[in-house]
Amino acid sequence: MKYIFLYLLSLTIFAAHATKSELPFNTFFMDSVKVKSQEQKNIKMPFWVGLSQKYGKIKSNQLFSSLLKENGCSEKSIESILKNNEVFNVGKIMSGTEYCFVSTQINDSVLSPRYLIYNEDDYSYVVFDLLDDKTTITRYQRPVEIRERTATGVIKGSLWETFDKNNVNPAIATQLADIFAYTINFFKVREDDKFKIVYDEKLVNGVSQEVTKVKAVVFQYHGKDYYAFANEQNGRVDYLDEEGKSMKMRFLMAPVKFSRISSKYNTHRLHPVTGQVKGHFGTDFAAPQGTPIYATADGIVSEARFKQYNGNYVKIRHDKTYETQYLHMCRIAKGMRPGARVHQGDVIGYVGSTGLATGPHVCYRFWKNGKQVDPFKEKDAKAMMLTAAEQKAFAEKTKEMRKELDAVSYGGSKSIVLTASAK
């Protein structure tokens with residue numbers, strides 16, 4: 001009897017302490033643990049002791065206190081947790097978030113919960129130690145791995161679909177659109193265009209969470225190779241081509257990302273609403289209602305209002321030569337008023353169909369010296385060059401990266417672990 005008591009006591013203590021020693025739960029929750037030992041086999045006891053894990057998700061409008069009560073937590077521990085808001089504010093629990101109650105189990109009997117693990121987000125979780133008079137709350141960070149990847153592919157379907165099929169984080173498509181905003185028209189990417197990308201990504205439990213930096217890329221667009229290499233100066237990253245010329249030019253090619261051109265600049269267009277032949281001195285980009293509209297270059301807002309035919313619109317003066325205008329917004333972004341300064345890529349409004357419009361789109365208008373022109377034929381926005389000394393240094397720096405890209409076939413890829421640390 002003495003051995004049985006000692007064994008039960010030791011296993012109960014183990015159940016409590018093993019849970020803590022196994023923290024943090026890097027894979028969120030482990031499989032249910034049943035403790036067996038040599039002593040149990042020798043004594044042949046008619047019971048076993050282990051850990052019971054009860055999983056669930058926070059319900060809509062569920063209170064944290066009701067969650068604890070429903071799962072058998074004591075009033076003392078509930079009161080203690082509700083008073084302790086320093087580590088975790090229980091009033092901000094999110095519906096749909098996963099949780100797990102961990103309890104000691106003896107045969108089919110499950111004791112009161114000892115721990116509650118709340119899966120806060122992909123990077124962290126919170127552990128509530130539910131001991132009556134010593135309730136504690138601890139936030140744990142999952143180890144984050146930084147991995148350098150070389151990914152390649154051939155376009156089949158959309159850019160996003162291709163990335164997904166090649167196990168590449170689709171978020172990188174947005175970064176490529178920014179890098180090549182002035183050299184590649186992503187509205188016209190076609191099947192059999194190709195790409196090779198060297199980039200860093202952040203992973204938790206082997207799952208990609210974020211693309212942290214694109215280091216180098218070659219995009220074969222309509223049979224021509226376009227290279228881009230990251231160049232970091234004063235904490236800012238710019239992308240240069242193989243000659244050391246900046247990929248960033250004066251104006252973005254489009255005020256919205258990944259839409260389509262529904263109507264081009266045309267001096268003799270048949271208007272879809274009035275039926276009259278009239279010049280269309282803008283470029284229409286069709287996109288879903290509410291899609292963000294971006295300023296295509298730095299400037300000062302000169303107009304931000306509603307007009308009968310334009311609908312909600314914003315007009316920006318960039319310098320003495322250039323102005324741009326963005327029509328038919330469902331709403332103008334907060335802070336857009338005459339005199340407001342905007343930077344390239346700032347959200348200035350959202351796609352709509354106000355004014356004289358048949359459907360949701362943004363009509364993008366481009367002025368040069370007071371006259372509306374076709375932005376796609378405007379060649380005055382030159383890229384900046386490095387100095388001769390900087391260009392030489394950059395060429396040396398990117399030589400190996402260029403070799404690495406050229407050596408990889410469009411069907412191959414590799415991955416290198418750079419660091420492994422907690423967030």
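The values are calculated or read from the model by the stated rules, or taken from the named source; none is laboratory data. In this text the structure is predicted, and so the values were computed from the model without any measurement. Positions of Cβ are generated from backbone atoms using ideal geometry, with glycine treated the same way; all protein chains shown enter the neighbour counts.
Filter region 302-330 for residues that are among the aliphatic types (A, V, I, L, M), crowded, with 23+ Cβ neighbours inside 10 Å and either on the phi > 0 side of the Ramachandran plot or out of contact with any Ser or Thr (no Cβ under 8 Å at 6 or more places or on another chain) (or both) and give the result.
Filtering region 302-330 for residues among the aliphatic types (A, V, I, L, M) gives 304, 314, 316, 327, 329.
If we keep only those that are crowded, with 23+ Cβ neighbours inside 10 Å too, we end up with 314, 316, 327, 329.
Listed by number, the residues that qualify are V314, L327.
How many residues does region 92-134 contain that are of a type in the set (G, A, S), in a loop (DSSP other than H, G, I, E, B) and closer than 25 Å to L203 by Cα?
Narrowing region 92-134 to residues of a type in the set (G, A, S): 95-96, 103, 109, 112, 124.
Right, trim to in a loop (DSSP other than H, G, I, E, B) and you get 95-96, 112.
Subset that is closer than 25 Å to L203 by Cα: 95-96.
Within region 92-134, residues that are of a type in the set (G, A, S), in a loop (DSSP other than H, G, I, E, B) and closer than 25 Å to L203 by Cα number 2.
Given the criteria touching a residue at least 24 places away in the same chain (Cβ under 8 Å) and over 30 Å from H222 (Cα atoms), does T104 qualify? Yes. Residue count for region 354-375 under the criterion of being surrounded by fewer than 18 Cβ atoms within 10 Å (Cβ to Cβ) and either within 17 Å of H318 (Cα to Cα) or modelled with pLDDT of 95 or more (or both): the result is 7.
Of the residues that make up region 175-185, is at least one among the acidic types (D, E) and in contact with a strand residue (DSSP E or B) (Cβ under 7 Å, 6 or more places away or on another chain)? No: region 175-185 contains no residue that is among the acidic types (D, E) and in contact with a strand residue (DSSP E or B) (Cβ under 7 Å, 6 or more places away or on another chain).
In the list C73, C100, which residue meets the criterion of being within 32 Å of the chain's Cα centre (by Cα) and either assigned by TED's automatic domain parsing to the domain that holds V204 or not acidic (D, E) (or both)?
Details: C73 fails: within 32 Å of the chain's Cα centre (by Cα).
It is C100.
Can you name every residue in region 88-116 that is of a type in the set (D, E) and closer than 26 Å to W48 by Cβ? So that I can check it myself, show each step before the final result.
Filtering region 88-116 down to residues of a type in the set (D, E) leaves 98, 108.
D108, the sole residue that qualifies.
Taking (1) modelled with pLDDT under 90; (2) within 29 Å of R260 (Cβ to Cβ); (3) crowded, with 17+ Cβ neighbours inside 10 Å in turn, L405 satisfies each apart from (2).
Every listed requirement among (1) touching a helix residue (DSSP H, G or I) at 6+ places or on another chain (Cβ under 6 Å); (2) over 27 Å from K264 (Cβ atoms); (3) of a type in the set (A, V, I, L, M, F, W, C) is met by F186 save one, (2). With respect to the conditions (1) buried (at least 16 other Cβ atoms within 10 Å of the Cβ); (2) at pLDDT below 90; (3) part of a loop (DSSP other than H, G, I, E, B), I261 falls short on a single one, namely (3).
Within region 290-321, track down each residue that is among the acidic types (D, E) and touching a residue at least 40 places away in the same chain (Cβ under 8 Å).
Residues of region 290-321 that are among the acidic types (D, E), as a first pass: 298, 303, 319.
D298 - this is the single residue of region 290-321 that is among the acidic types (D, E) and touching a residue at least 40 places away in the same chain (Cβ under 8 Å).
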